[in-house]
Amino acid sequence: SKLGNVEQGMSYCGICMKRQLTANEYELKDWVVNATTLAEAYLAKEYYAQAEYLLFAALHVMPSDLTKKKGLRAMCNMQIGRYYQRRLEIGMALLADNKELMKDKVSEKFIEFPELEMNWPEIKDMNSLDDAKTLFRLANTQFKKALEYYLLDGFVTEHV
């Protein structure tokens with residue numbers, strides 16, 4: 001990535017994460033942070049399904065006990081909220097210009113983790129106010145979950 005080939009760097013990062021997950025040899029925090037960071041990179045390039053898959057994979061590897069890893073979980077919730085917020089922004093812009101998503105691009109698979117037994121996300125165009133409301137609700141739910149951890153007293157920046 002530092003040499004200018006960002007997509008190759010993204011690919012290698014995904015391959016490394018897949019190898020770590022397959023071997024079950026990874027540090028949870030590092031893996032989750034890498035998944036959310038890689039998701040941001042795919043989101044920036046408008047590969048929405050890949051970004052969503054990585055974000056939910058990050059949540060999926062966390063302990064099922066919700067009282068553990070609260071900070072890490074809150075960070076994931078905030079990133080998922082930002083993902084849905086971005087999808088809402090793009091969807092509104094496309095709707096205003098009477099355009100559609102490029103189906104092949106937004107659903108393209110670069111990295112998948114069969115060990116997690118997760119379904120690949122289905123990305124749909126935003127065609128109505130109801131679709132916009134759905135994305136808003138999804139984002140809002142994730143932000144609310146993050147706010148349970150990011151209280152105003154102690155996490156001012158994250159809370160705001």
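Please tell me if residue 78 is open to solvent by 40 Å² or more (accessible area, probe 1.4 Å), part of a helix (DSSP H, G or I) and in contact (Cβ under 8 Å) with a residue 24 or more places away in the chain. Considered against the rule, which asks whether it is open to solvent by 40 Å² or more (accessible area, probe 1.4 Å), part of a helix (DSSP H, G or I) and in contact (Cβ under 8 Å) with a residue 24 or more places away in the chain, residue 78 comes out as no.
Basic (Lys, Arg) and either closer than 18 Å to residue 106 by Cα or surrounded by 14 or more Cβ atoms within 10 Å (Cβ to Cβ) (or both), is that true of residue 18? Taking the combined requirement at face value, the residue satisfies it. Residues in the range 24-64 that are open to solvent by 60 Å² or more (accessible area, probe 1.4 Å) and either under 25 Å from residue 148 (Cα atoms) or in contact (Cβ under 8 Å) with a residue 60 or more places away in the chain (or both): 10 in all.
Matching residues to (1) surrounded by 18 or more Cβ atoms within 10 Å (Cβ to Cβ); (2) at pLDDT below 90:
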residue	(1), (2)
71	no, yes
83	yes, no
94	no, yes
117	no, no
120	no, no
129	no, yes
149	yes, yes
154	no, yes
160	no, yes
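If I filter the range 104-113 for residues that are of a type outside the set (A, V, I, L, M), part of a helix (DSSP H, G or I), on the phi < 0 side of the Ramachandran plot and modelled with pLDDT under 95, do I get at least one hit? The answer is yes, given that some residue of the range 104-113 is of a type outside the set (A, V, I, L, M), part of a helix (DSSP H, G or I), on the phi < 0 side of the Ramachandran plot and modelled with pLDDT under 95.
The values are calculated or read from the model by the stated rules, or taken from the named source; none is laboratory data. What you see is a predicted model, and the numbers here were worked out from it, not measured in a lab. Note: ideal-geometry Cβ built from the backbone for every residue, glycine included; neighbour counts use all protein chains shown. Side chains are part of the model used for accessible areas, which takes the heavy atoms of the whole protein and leaves out ligands, DNA and RNA. Shrake-Rupley method; radii C 1.70, N 1.55, O 1.52, S 1.80 Å.
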